[in-house]
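Heads up: the structure comes next, in structure tokens.
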Amino acid sequence: MAAFLPVPDILTQPYWDGCKNHVIMVQQCQSCGRKRHRPAAGCHWCGGQGVDWVQLSGRGTLYTYTVVHRAFHPSLAGEVPYVVGLVAAEEDPTVRFHTRILECDPADVKVGMPLDVLFQEEEDGTVLPYWRPSAA
């Protein structure tokens, strides 16, 4: 079970609904067209208030990472060492996701490696997005 489960709100609900459908959804500003993640009430680029939700491919590149050797929460104690990374979306590298990198030995993780999203359902039915090395 995940250490911390999300509590969707009015800003984040479309993102979590996308995860339940195994797709990554992000906001796109109606004024400047820039995509963003984390969801926000206004555009960080132009200040625009209008927003659309758009689907991303679920592919990205590892921007940076760290290998965790001491669990910060007891629920993760059996998982160490594990990799926490920042993944840049293929469609727009300024759109980045904080996540765990799964299905990869921590010694094999490299900045710039191609990744694919991996959705996992938790015991309570919440679907969380993780990332793994790309099969392509």
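Here the Karplus relation 6.51 cos²θ - 1.76 cosθ + 1.60, evaluated at θ = phi - 60°, turns the backbone of segment 103-111 into coupling constants of 6, 7, 5, x, 5, 8, 6, 9, 4 Hz, with x for every Gly and Pro.
Which of rounded, prolate, oblate describes segment 73-136, given a ≥ b ≥ c as roots of the alpha-carbon gyration tensor eigenvalues and a/c under 1.5 marking rounded, otherwise prolate only if a/b is larger than b/c?
Details: a/c = 1.86, a/b = 1.30, b/c = 1.43.
Oblate is the answer for segment 73-136, as a/c is 1.5 or above yet b/c matches or exceeds a/b.
Looking at segment 15-136, the accessible area is 54 square angstrom per residue; that uses a 1.4 Å probe and ignores ligands, DNA and RNA. Taken along the Cα-to-beta-carbon direction at a fixed 7 Å, the label points for GLN30 and ASP105 span 5.2 nm.
Other residues lying with their Cβ under 13 Å from the Cβ of GLN30 contribute a combined charge of +2, Lys and Arg counting +1, Asp and Glu -1. Which whole-angstrom value gives the distance between the alpha carbon centres of segment 10-56 and segment 85-107? Comparing the Cα centres of segment 10-56 and segment 85-107, I get a distance of 18 Å.
Quick check: at a probe of 1.4 Å, how many percent of the accessible area of the chain sits on carbon and sulfur atoms? Spell out each step's value before the answer.
Working: 3940 of 7640 Å².
Carbon-and-sulfur percentage of accessible area, whole number: 52.
Quickly estimate the mean residue ellipticity at 222 nm for the chain, helices only: each DSSP H run with n ≥ 4 gives -39500 (n - 2.57), and the total goes over all residues, rounded to 500.
Working: 1 runs with 8 residues, N = 136.
Calculated at 222 nm, the ellipticity per residue is -1500 deg cm²/dmol.
Annotation note: chymotrypsin sites (Phe, Trp or Tyr not before Pro) in segment 51-136 located in DSSP loop regions with a Cβ neighbour count of at most 16 within 10 Å are PHE72.
Placing unit charges on C-beta atoms (Lys and Arg positive, Asp and Glu negative, everything else neutral), compute the dipole magnitude of the chain about its Cα centre in debye, rounded to 20.
500
The values are calculated or read from the model by the stated rules, or taken from the named source; none is laboratory data. As the structure is a computational prediction, the values presented were derived from the model and not from experiment. Heads up, the Cβs are rebuilt from the backbone with ideal geometry, glycines too, and the neighbour counts pull from every protein chain shown. Each accessible area value is taken on the protein alone, full model and side chains, heavy atoms only, with ligands, DNA and RNA left out. Shrake-Rupley method; radii C 1.70, N 1.55, O 1.52, S 1.80 Å.
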